[in-house]
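First up is the structure itself, then whatever we jot down about it.
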Amino acid sequence: MRLRDLHESDFDEVAGLIHGALATWYRENLNSERFGEDASLFRAFPELYEGLDPGCAVVMEGEGRLAGVVFYHPRETHWGVGIVATHPDFAGRGVARRLMEEVIGRAGGMPLRLVSSAMNLDSFSLYTRLGFVPQRVYQDLVLRVPEGGLGVVVNDGFRVRRSEMADVERVVDFEMGLSGIRREKDFRHLIGNADGVWRMWIAEGEGGDLLGFLGAVMHPGVRMLGPGLAVDQSVAGRMLRGVLDAEFRGFDALWLVPADCAELVRECYGMGARNAELHLGSVRGSGAPMGGVVFPTFMPESG
Ligand SMILES: CC(C)(COP(=O)(O)OP(=O)(O)OC[C@H]1O[C@@H](n2cnc3c(N)ncnc32)[C@H](O)[C@@H]1OP(=O)(O)O)[C@@H](O)C(=O)NCCC(=O)NCCS
């Protein structure tokens, strides 16, 4: 088996590999068919990630086909990692470990961060054996947002609005100040993308001070909120409600919140959201603790 960089000609095979890995794993371990039949939707990963981080994916070839893939996301303070997937025919043969070791080597000592399922002992074992340390538990929440919206409460002096390029610098500094990471590239991409797949909102208080930000991806293959961050749980809840109302009417929305943010979790239940899974935020190497009211995401998995 040999490692090489991902090429555009691999996109269909990679889509099939990621779909096959997830669908098989969830069917066999959790009796869940949540990933459906349509592998082509999983082209979202190579397509969207090559747009964001060109050339940052490694595949492993074996027996004349692709055995595994990993995407990585180099940023100023750290590297994000994900998605990682091994073709079910190659499971348990060290494919994911070798891909991860390649990324760890390329990162050259930078801290690595990822989000992985707390219900998947295979990925948990893979990452913790490689030195990743779980820091935070997240609840995956799902909600079909009614066509008529959720009913946003208008608060004096608080507003949630689409962000603009002019906001990028203060969003970057805001995240650095609250949770110790920088990823300017993501915000430029989310705000500036021409095809409208990515969305980015900010919450401001009276006087225009920045209280939070929340991104979203609206692609047929993945509709999800994040990345996001808020100064407190009250802001996080109001910002979340505002973005769900503005972007997700009539759609199923998925988002992650820290399980230790009880007030925010209660607000999500109040909207009718249900738990779908649990995830762990893990770090390899030194790095700021995962503080703040964060909304991590699988797309882009850069924080
Ligand atoms: C998770 C996944 C990528 C693992 O891929 P894989 O190629 O089968 O994994 P590997 O064989 O490289 O590595 C598994 C490691 O975990 C170890 N391991 C597995 N189960 C373990 C357990 N219960 N306790 C301790 N270690 C365990 C293995 O020994 C191996 O380590 P080693 O190579 O040092 O011996 C694969 O199951 C997959 O694609 N799943 C679906 C997609 C997914 O969940 N991706 C992760 C998203 S976060």
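Just to be sure before I move on: is Asp89 within 28 Å of Gly221 (Cα to Cα), of a type in the set (Asp, Glu), within 11 Å of the ligand (Cβ to nearest atom) and free of Cβ contacts under 8 Å to residues at least 60 places away in the same chain in the structure I sent? Before you say what the answer is, go through the steps one by one.
Details: within 28 Å of Gly221 (Cα to Cα): yes; of a type in the set (Asp, Glu): yes; within 11 Å of the ligand (Cβ to nearest atom): yes; free of Cβ contacts under 8 Å to residues at least 60 places away in the same chain: yes.
Taking the combined requirement at face value, the residue satisfies it.
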_Contact list please: Cβ distance under 7 Å, first residue in segment 124-143 and among the hydrophobic types (A, V, I, L, M, F, W, C), second residue assigned to a strand (DSSP E or B) and within 12 Å of the ligand (Cβ to nearest atom), pairs at least six apart or on different chains._
Phe124/Ser116; Phe132/Leu114; Phe132/Ser282; Val133/Ser282; Val137/Leu280
*Before we move on, is Gly205 touching a Leu at 6+ places or on another chain (Cβ under 6 Å) and either among the small types (Gly, Ala, Ser) or more than 30 Å from Val84 (Cα to Cα) (or both)?*
yes
_Taking the condition of being touching a helix residue (DSSP H, G or I) at 6+ places or on another chain (Cβ under 6 Å) and more than 12 Å from the ligand (Cβ to nearest atom), how many residues in segment 67-79 meet it?_
2
*Test each condition in (1) modelled with pLDDT of 95 or more; (2) within 9 Å of the ligand (Cβ to nearest atom) for Gly82 and report the one that comes out false.*
(1)
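Of the residues Val115, Val153, Val84, only one is over 17 Å from the mean Cα position of the chain (by Cα) and β-branched (Val, Ile, Thr); which?
Numbers: Val115 fails: over 17 Å from the mean Cα position of the chain (by Cα); Val84 fails: over 17 Å from the mean Cα position of the chain (by Cα).
Going through Val115, Val153, Val84 in turn, the sole match is Val153.
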*Residues within segment 105-156 that are at positive phi and either away from the ligand (no atom under 15 Å from the Cβ) or assigned by TED's automatic domain parsing to the domain that holds Arg284 (or both), tallied*: 4
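Of these, Glu175, Glu102, which one is at pLDDT 95 or above, surrounded by 14 or more Cβ atoms within 10 Å (Cβ to Cβ) and not assigned by TED's automatic domain parsing to the domain that holds Leu278? Quick ask: steps written out before the conclusion?
On the way: Glu175 fails: not assigned by TED's automatic domain parsing to the domain that holds Leu278.
Result of the check over Glu175, Glu102: Glu102.
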*Look through Met100, Met110 and report the one residue that is in contact (Cβ under 8 Å) with a residue 60 or more places away in the chain and touching a strand residue (DSSP E or B) at 6+ places or on another chain (Cβ under 7 Å).*
Met110
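The rows are residues; the columns are (1) in the same structural domain as His73 (by TED's automatic domain parsing); (2) out of contact with any Phe, Trp or Tyr (no Cβ under 6 Å at 6 or more places or on another chain); (3) surrounded by fewer than 18 Cβ atoms within 10 Å (Cβ to Cβ).
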| residue | (1), (2), (3) |
| --- | --- |
| Gly226 | no, no, no |
| Asp232 | no, yes, yes |
| Val235 | no, yes, no |
| Gly242 | no, yes, no |
| Ala259 | no, yes, yes |
*asked:* Taking the condition of being assigned to a helix (DSSP H, G or I), surrounded by 18 or more Cβ atoms within 10 Å (Cβ to Cβ) and within 12 Å of the ligand (Cβ to nearest atom), how many residues in segment 25-50 meet it?
replied: 4
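The values are calculated or read from the model by the stated rules, or taken from the named source; none is laboratory data. This one's a predicted model, so the numbers in the text were calculated from it and none came from an experiment. No Cβ is skipped: glycine too gets one built from the backbone with ideal geometry, and neighbour counts run over all protein chains shown.
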